[in-house]
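Student: This structure is in structure tokens; I'll ask about it shortly.
The values are calculated or read from the model by the stated rules, or taken from the named source; none is laboratory data. If you're wondering where the values come from, they're calculated on a predicted model, not measured in any experiment. Neighbour counts run over all protein chains shown; Cβ positions are idealised from the backbone, glycine included. Note: areas computed on protein heavy atoms with side chains; ligands, DNA, RNA excluded. Shrake-Rupley method; radii C 1.70, N 1.55, O 1.52, S 1.80 Å.
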Amino acid sequence: MARGFNYAPGASEEVELAGAPSLPREQVAALSLSRNAVVREVLAARRDLALGQMVSFAHDRSTEVRTALAANPTAPGTVLDHLAGDKHVPVLEALLANPSTPVEVVERLAFHRKSEVRLAAVRRIDDADAGSAQGAAPAAGTQFASSAPELQDRAVGFGSGDVVDIATGLPVRPGLAVPPATRTAPVRGFRPPSE
């Protein structure tokens, strides 16, 4: 082979093998150690990755591998939380496009130093707010029960679930027009006055 010559990253049969849907776990583990970044990128997008492989890909030197992992909807919250500290904008944008990214991570990225990331995070928060405003409010305890079905019998509702007007203390009747909430831009360094 000529000095400095390298095959095209996608020209390897390992790439096709890594994308095969019925790949045994042993082969996934062996391919995750490949020197070819495209193979690792295809593996990072798989939904059947083991936690150890996801953690390894979260620390990969290739931005494309970390981007594919950030977009993976089966990635656990701890891995996604780690990826939120990445320096590369494509990783953070993929993280914000992932529906499995925890709300806390999205809110933290709304204060990121790069404007592209801040805008993408605020857009995601606004989309979530608009989606929740259109849908009906869940009954007390049902959101918890749907996120942890094994604990459904232990879920306890809090309060009556009525919306109360802060100024009067009276319950707000359903069907009354309520002005939509406005979101202000995040302000760096803002602290509410201490009491």
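Student: For region 49-76, how many residues are open to solvent by 30 Å² or more (accessible area, probe 1.4 Å) and touching a Lys or Arg at 6+ places or on another chain (Cβ under 8 Å)?
Tutor: Residues in region 49-76 being open to solvent by 30 Å² or more (accessible area, probe 1.4 Å) and touching a Lys or Arg at 6+ places or on another chain (Cβ under 8 Å): 3 in total.
Student: Then there's this: Filter region 53-84 down to residues that are outside any loop (DSSP other than H, G, I, E, B) and under 20 Å from Pro102 (Cα atoms), then give me how many there are.
Tutor: Of the residues in region 53-84, the ones outside any loop (DSSP other than H, G, I, E, B) are 53-58, 63-70, 77-83.
Then keep just the ones that are under 20 Å from Pro102 (Cα atoms); that gives 54-55, 57-58, 66-70, 77-83.
Within region 53-84, residues that are outside any loop (DSSP other than H, G, I, E, B) and under 20 Å from Pro102 (Cα atoms) number 16.
Student: Could you please let me know if Ser100 is small (Gly, Ala, Ser), at pLDDT below 95 and not in a helix (DSSP H, G or I)?
Tutor: Details: small (Gly, Ala, Ser): yes; at pLDDT below 95: yes; not in a helix (DSSP H, G or I): yes.
In short, yes.
Each row is one residue, and each column tells you yes or no for (1) assigned to a loop (DSSP other than H, G, I, E, B); (2) within 30 Å of Ser132 (Cβ to Cβ); (3) more than 11 Å from the chain's Cα centre (by Cα).
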site	(1), (2), (3)
Asp48	yes, no, yes
Asp86	yes, yes, yes
Leu95	no, yes, no
Arg113	yes, yes, yes
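Student: Any chance you could count how many residues in region 87-102 are open to solvent by 20 Å² or more (accessible area, probe 1.4 Å) and not small (Gly, Ala, Ser)? Spell out how you get there, then give the answer.
Tutor: Step one: of region 87-102, the residues open to solvent by 20 Å² or more (accessible area, probe 1.4 Å) are 87-90, 93, 97, 99-100, 102.
Checking the rest, the ones that are also not small (Gly, Ala, Ser) come to 87-90, 93, 99, 102.
Going through region 87-102 one residue at a time, the tally reaches 7.
Student: Taking interchain pairs and intrachain pairs at least six residues apart, which have beta carbon atoms under 7 angstrom, with the first residue in region 44-60 and closer than 12 Å to Leu80 by Cα and the second at pLDDT 95 or above and open to solvent by 70 Å² or more (accessible area, probe 1.4 Å)?
Tutor: What qualifies is Ala58/His82.
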